[in-house]
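The values are calculated or read from the model by the stated rules, or taken from the named source; none is laboratory data. No experiment lies behind these values; they were computed from the predicted model shown. Reconstructed Cβ throughout: ideal geometry from the backbone, glycine too, with neighbour counts over all protein chains shown. Quick note on the areas: whole protein, heavy atoms, side chains included, nothing else; ligands and nucleic acids left out. Shrake-Rupley method; radii C 1.70, N 1.55, O 1.52, S 1.80 Å.
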Amino acid sequence: MEIRVERRDILTYEGDALVVNLFEGVEKPGGATGAVDRALDGAIQKAIANGELRGKLHEKLLLHTFGKLPTRLVLVIGLGKQEQFTLDRGRSVSAEALKTLKKAGTKKVGTIVHGAGIGGLDLKRSVQAIAEGVLLGLYAFTKYKKEENHKEIQEVVILERETGRIKALEEGVGTGRILAQATNLARDLVNEPANVMTPIVMAERAREVADSLGLECQILGPEEIRGLGMGAFWGVAQGSQQPPRLIVLRYKGGKEDGPHLGFVGKGITFDSGGISIKPSEGMEAMKGDMAGGAAVIAAIKAVAELGVPVNVTAIIPATENLPSGTAQRPGDVVRAMNGKTIEVINTDAEGRLILADALCYARSLGVSRIVDVATLTGACVVALGSIRTGAFGNDQGFIDQVVKAGEEAGEKIWPMPMDEEYNEQIKSDVADLKNVGGRKGGAITAARFLANFVEDTPWVHLDIAGTSMAESDKGYTPKGATGVGVRTLVNLAVAFAKGEWKGKG
Ligand code: BES
Ligand code: ZN
Ligand code: ZN
């Protein structure tokens with residue numbers, strides 16, 4: 001699908017459909033909607049007068065033009081109350097509009113920019129939101145389905161009459177396209193079944209990203225992983241027939257010795273629980289236990305495509321977690337790369353084990369700040385549901401920045417507590433730590449566990465267990481993998497490059 005800007009009067013657009021909009025409570029539409037209404041002999045005003053259209057958020061009115069305009073259809077999309085309009089609403093209305101038109105079988109769609117100039121929203125960011133909404137909303141994972149009644153949108157054209165606004169529009173569309181395509185890449189990696197998306201394949205996909213952008217790429221196998229002293233990572237990997245991979249991608253957009261962001265993503269390509277095996281019901285969703293890894297691969301891709309002046313290293317420990325004769329047992333003690341020993345009480349708490357070594361490795365590469373993204377705990381799903389990602393960390397300023405970067409992306413994040421006292425729950429009788437802290441505050445004790453491997457490096461841990469998969473289609477988030485985290489990380493890298501916050505590194 002193509003999305004582009006064209007300098008043209010909307011009334012002359014010759015595709016299949018036009019999208020215009022209406023704020024709630026407006027009785028006499030102005031601007032582009034007004035012009036379309038006049039061309040349609042007042043059909044929109046009539047619908048408003050009849051109460052068929054009120055401008056409520058996501059409300060839709062599909063009109064036939066009967067030759068009064070070059071397009072066959074006009075879609076009026078409700079924007080809700082003007083004072084409540086946000087960039088994220090721009091994303092979701094654009095997605096809703098295009099999904100409706102896709103169902104209607106249109107191929108070429110022209111649209112105006114929703115809400116630009118409203119409530120201080122600037123044109124570039126508004127159109128970026130539209131591009132994101134359209135591309136994210138039209139995403140579908142259809143690879144394994146035979147093509148049925150092939151309905152695809154071929155192009156979306158942002159129509160603008162004023163020459164002076166074209167440059168900002170093109171820039172906004174360009175940024176939105178990069179962010180949405182990266183998010184959709186993450187979705188593709190996560191939606192892929194685990195028999196296909198093995199650690200080896202995940203590494204290959206990461207290498208393809210690296211090769212296409214000239215990023216450094218290093219992929220380590222079992223011997224190297226063991227050689228680095230990554231006993232916690234290896235303990236999880238040892239039970240699987242599929243060999244693990246430690247995937248490292250480097251983007252050097254900043255100064256040689258400049259600040260350096262580390263993105264670490266959990267890459268469990270299938271989590272059966274291991275010997276502490278999970279109940280079978282719903283276990284298929286555990287193909288998505290590499291969503292954090294997918295997010296960091298996609299994020300570094302977008303950061304490189306945008307040419308953000310910052311250094312980023314993405315690290316993904318990738319392995320399956322399966323039971324077998326070689327699998328680790330409850331009670332085993334493993335030693336992480338930083339020398340700390342861990343008693344493995346429950347082999348299903350494997351994410352924190354592989355991340356322990358990946359975090360040590362990030363530090364050994366000299367990163368100045370770390371964000372990890374992981375489908376880490378069911379407890380986080382209990383705490384925050386599927387609306388917000390949980391944020392944990394050791395540096396309040398950095399946590400605030402990550403939350404803000406998420407807010408801008410339309411990815412909601414909530415800061416969680418990290419009191420020292422929670423450490424009591426992960427004390428072991430036989431090792432430095434144990435890998436589970438009981439039912440109470442499970443998402444927090446998991447984060448406290450990880451804190452042992454970042455030491456004093458400013459760090460934020462994002463638990464995306466609840467937000468990485470959507471149970472139903474909504475706005476620009478289709479059912480299945482959401483690609484959560486990608487746009488948050490990219491926004492963070494952009495803010496980091498601008499030096500938008502104080503503190504070392
Ligand atoms: N991958 C799961 C967490 C998860 C749960 C992700 C639901 C997505 C949706 C993780 O490896 C896990 O199994 N965690 C255990 C930890 C427990 C054994 C301490 C959990 O949350 O039950
Ligand atoms: Zn698990
Ligand atoms: Zn897991």
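How far is helix 396-409 tilted, in degrees, relative to the longest principal axis of the Cα atoms in the chain, given as a value from 0 to 90 rounded to the nearest 10?
The angle comes out at about 40 degrees.
Once neighbouring chains are kept in place and the probe is 1.4 Å, which whole percent of the accessible area of segment 2-179 is contributed by carbon and sulfur?
Details: 3930 of 8320 Å².
Roughly 47 percent, rounded to a whole number.
Viscosity 1.002 mPa s, temperature 20 °C: give me the Stokes-Einstein translational D for the chain in µm²/s, with Rh taken as the Kirkwood radius over C-alpha pairs.
90 µm²/s
Using only Cα atoms and rounding to the nearest 10 degrees, what angle (0 to 90) does helix 291-306 make with the longest principal axis of the chain?
The answer is roughly 60 degrees.
Report the GluC sites (Glu not before Pro) located in segment 219-317 that are in a DSSP loop and have at most 13 other Cβ atoms inside 10 Å of their Cβ, or state none.
Of the GluC sites (Glu not before Pro), the ones in loops of segment 219-317 whose Cβ has at most 13 other Cβ atoms within 10 Å are GLU256, GLU281.
Would you work out the relative contact order for the chain, in percent, from Cα pairs under 8 angstrom that are 6 or more residues apart?
15 percent
Taking the Cα-to-Cβ direction at GLU407 and at MET283 and moving 7 Å from each Cα, how far apart do the two end points lie in nm?
Those two pseudo-labels are separated by 4.3 nm.
As an exercise, use a Förster radius of 60 Å and the Cβ-Cβ distance of GLU152 and VAL430 to find the FRET efficiency, rounded to the nearest 0.05.
The formula returns an efficiency of 0.55 here.
For the residue pair ASP122 and GLN218, what label-to-label distance in nm results when each label sits 7 Å from Cα along the Cα-to-beta-carbon direction?
Roughly 3.8 nm, to one decimal.
Stokes-Einstein diffusion coefficient for segment 84-208 at 20 °C in a medium of 1.002 mPa s, Rh from the Kirkwood formula over Cα pairs: what value in µm²/s? All intermediate terms of the calculation are to be shown ahead of the outcome.
Numbers: Rh = 16.0 Å.
The Stokes-Einstein estimate is 134 µm²/s.
Count charges around ILE345 for me, please; just the other residues with Cβ under 11 Å from its Cβ, Lys/Arg as +1, Asp/Glu as -1.
Value of the local net charge: -2.
Taking chymotrypsin sites (Phe, Trp or Tyr not before Pro) that fall in a DSSP loop and have at most 16 other Cβ atoms within 10 Å as cut points, what is the longest piece of the chain between them?
Numbers: sites that count: PHE66, PHE141, TYR144, TRP501.
The reported range is 145-500.
For segment 346-362, what does the Karplus curve 6.51 cos²θ - 1.76 cosθ + 1.60, with θ = phi - 60°, yield as ³J(HN,Hα) per residue in whole Hz, taken in order and with x for Gly and Pro?
Per residue, the Karplus-derived 3J(HN,Hα) values read 10, 6, 7, 8, 8, x, 5, 6, 6, 5, 3, 5, 5, 5, 4, 5, 4 Hz.
Jot down the per residue volume, in cubic angstrom and as a whole number, of the convex hull over the alpha-carbon atoms of segment 2-179.
Residue-normalised Cα hull volume stands at 109 Å³.
Working from Cα positions, state the angle (0 to 90°, nearest 10) between the long axis of helix 486-497 and the longest principal axis of the chain.
Approximately 80 degrees, to the nearest 10.
Assuming a viscosity of 1.567 mPa s and a temperature of 4 °C, what translational diffusion coefficient in µm² per second does Stokes-Einstein assign to segment 150-227, Rh being the Kirkwood radius over Cα pairs?
80 µm²/s
Compute, for the chain, the length of the dipole vector about the Cα centre, with Cβ point charges of +1 (Lys, Arg) and -1 (Asp, Glu) only. Units Debye, rounded to 20.
Result for the chain is approximately 1060 debye, rounded to the nearest 20.
Over segment 227-383, what number does the Rg to Rh ratio reach, with both radii from the alpha-carbon atoms and Rh per Kirkwood?
1.00
Taking the Cβ of GLY42 as the centre, find all other residues whose Cβ is under 15 Å away and add up their charges (Lys, Arg: +1; Asp, Glu: -1).
For residues surrounding GLY42, the net value is 0.
Give me the accessible area per residue for the chain, probe 1.4 Å, as a whole number in Å². Intermediate results must be reported in sequence, preceding the final value.
Values: 20620 Å² over 505 residues.
About 41 Å² of surface per residue is accessible.
Which FRET efficiency, nearest 0.05, do ALA104 and LYS479 yield, Cβ-Cβ r, R0 30 Å?
Numbers: r = 21 Å, r/R0 = 0.68.
The value I calculate is 0.90.
Give me the distance in nm between label points sitting 7 Å out from Cα along the Cα-to-Cβ direction at ILE166 and ASN346, one decimal.
So the two model labels end up 6.0 nm from each other.
Only Cα pairs under 8 Å and at least 6 apart count here; give the relative contact order of segment 2-179 as a rounded whole percent.
That works out to 31 percent.
I'd like the carbon and sulfur percentage of the solvent accessible area for segment 185-335, probe radius 1.4 Å, heavy atoms only, ligands and nucleic acids excluded.
50 percent
So if each residue of separation counts as 0.36 nm, and I subtract the Cα-Cα distance between GLN241 and GLN396, what length gain in nm does that give?
Net length gain for the segment: 51.7 nm.
Name the GluC sites (Glu not before Pro) in segment 1-84 that are in a loop by DSSP and that have at most 13 other C-beta atoms within 10 Å, would you?
GLU14, GLU27, GLU52
Efficiency by 1/(1 + (r/R0)^6): what FRET value for ASP41 and ASP211, r their Cβ-Cβ distance, R0 = 45 Å, to the nearest 0.05? Write out the running numbers ahead of the final one.
Details: r = 56 Å, r/R0 = 1.25.
For R0 = 45 Å, the calculated efficiency reads 0.20.
Please tell me the relative contact order of segment 403-465 in percent, rounded to the nearest whole number, where contacts are Cα pairs under 8 Å and at least six residues apart.
Relative contact order here is 24 percent.
Counting pairs of Cα atoms in segment 371-415, how many percent are more than 18 Å apart? Before the final figure, lay out each step's value.
Numbers: 252 of 990 pairs.
That fraction is 25 percent.
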